[in-house]
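Before any comments, here is the structure.
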Amino acid sequence: MVPLSFAGHAFLALPEAALYWPDQGALLVADLHFEKASWFARFGQFLPPHDSEATLDIIEALVARTGARAVWSLGDSFHDADGAARLDPKIRDRLISLTERLDWTWITGNHDRDVGDMPGGRRVAQMQVKGIWLRHEAEADDPRPEISGHFHPKLRLSLRGRHVSRRCFVGSATKLILPALGALTGGLDAGHGEIRRAVGPGAAALVPVADRLLRFPLS
C-alpha cells in the first residue's frame, strides 16, 4: 500500500486497483462489472465464466488486508441490469455476507442504474465524505474535490521495444479517477482526450509499485 495524498486527505493506493482511506476505514473500488462474462454468453460469446468469483476474491482479500470497515463501490458494479439476478448462489451468499458485515455503499453507474435488488448494502447516486464527492463519472465542470471511476484508465508505455500496460489512477488537483477492479474489464489509455478533459490540467497517471507511487504527467 502506497501513500497517496488528495484534497488534503491521506489515502493508500493499492496495486490491485483500489484505494484505502484510513481515516474512514473505507475501501474504495470502481467498475467491478460483476457478471460481465455471463452477459456476453447470452449473445454467443463465451468468456471464462469465473469473473465474478475472481473479482470477489480480490475484494475479500483487500478487506482482510486493510481491515476496512466500509466498502464504497463507485458505480458499474454489475455489467447490466440483470447482472445481480444472474449471480451464482454461492457468490451471492459471499457478497451478502460482506455487505452485511461492512458499511457497504453502491454508487450508481451507467451500466447498473437499472439493476433491481442489490445483494445488500445501500444505493446512492453519489455521496460526499469530508468535502470529497464520490460519484461514478467525473464532472469536469465541478470544481469540488471528487473521486470517480468509469474510464478504466490504463498507462501504456513502450520500454526497450516492449509494450507495457498497467492499470493506473489518474489524478489532478481536484480529480482522482480509480482504475477498474473487475477481472474482465478493459481499459482506456490514461492520456485519452476524454480522461484529460474530465480531470483538467496538471493531471498525471499514478502507478503504485512496491513502496512508491510512480507519476507520469499527461501532457
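In summary, the lysines within cross-link reach of LYS175, defined as a Cα separation below 27 angstrom excluding same-chain residues under 8 places away, comprise LYS130, LYS154. When HIS111, HIS50, HIS150 are compared by accessible area at a 1.4 angstrom probe, the order from most to least is HIS50, HIS111, HIS150. Estimated from the Cβ-Cβ distance and a Förster radius of 22 angstrom, the FRET efficiency linking ILE96 and LYS130 is about 0.15.
A Cβ-based charge dipole, computed about the Cα centre of the range 1-134 with Lys and Arg at +1 and Asp and Glu at -1, lands at about 280 debye.
Counting protein heavy atoms only, the range 38-154 has 50 percent of its accessible area on carbon and sulfur, 1.4 angstrom probe. Residue order by solvent-accessible surface for GLU35, GLU53 is GLU53, GLU35, largest first, with ligands and nucleic acids left out and a 1.4 Å probe. VAL63 sits with roughly 10 Å² accessible to a 1.4 Å probe, with DNA, RNA and ligands left out of the calculation.
Which angle from 0 to 90°, rounded to the nearest 10, does the C-alpha axis of helix 51-66 make with the longest principal axis of the chain? Helix 51-66 and the main axis of the chain meet at about 60 degrees.
In order along the range 80-86, the Karplus-derived 3J(HN,Hα) couplings, from 6.51 cos²θ - 1.76 cosθ + 1.60 at θ = phi - 60°, round to 7, 4, 9, x, 5, 5, 8 Hz, and Gly and Pro are given as x. Take the chain with all the other protein chains still there, run a 1.4 Å probe, and you get 46 Å² of accessible area per residue. Measuring with a 1.4 angstrom probe and ignoring ligands and nucleic acids, LYS154 comes out at about 50 Å² accessible. Expressed to the nearest 5 percent, the antiparallel share of DSSP beta bridges inside the chain is 60 percent.
The values are calculated or read from the model by the stated rules, or taken from the named source; none is laboratory data. In this text, all values refer to a predicted model and were calculated from it rather than measured experimentally. Using ideal geometry, Cβ is built from the backbone for each residue, glycine included, and neighbour counts are taken over all protein chains shown. Please note that ligands, DNA and RNA were not included when accessible areas were found on the heavy atoms of the full protein model with its side chains. Shrake-Rupley method; radii C 1.70, N 1.55, O 1.52, S 1.80 Å.
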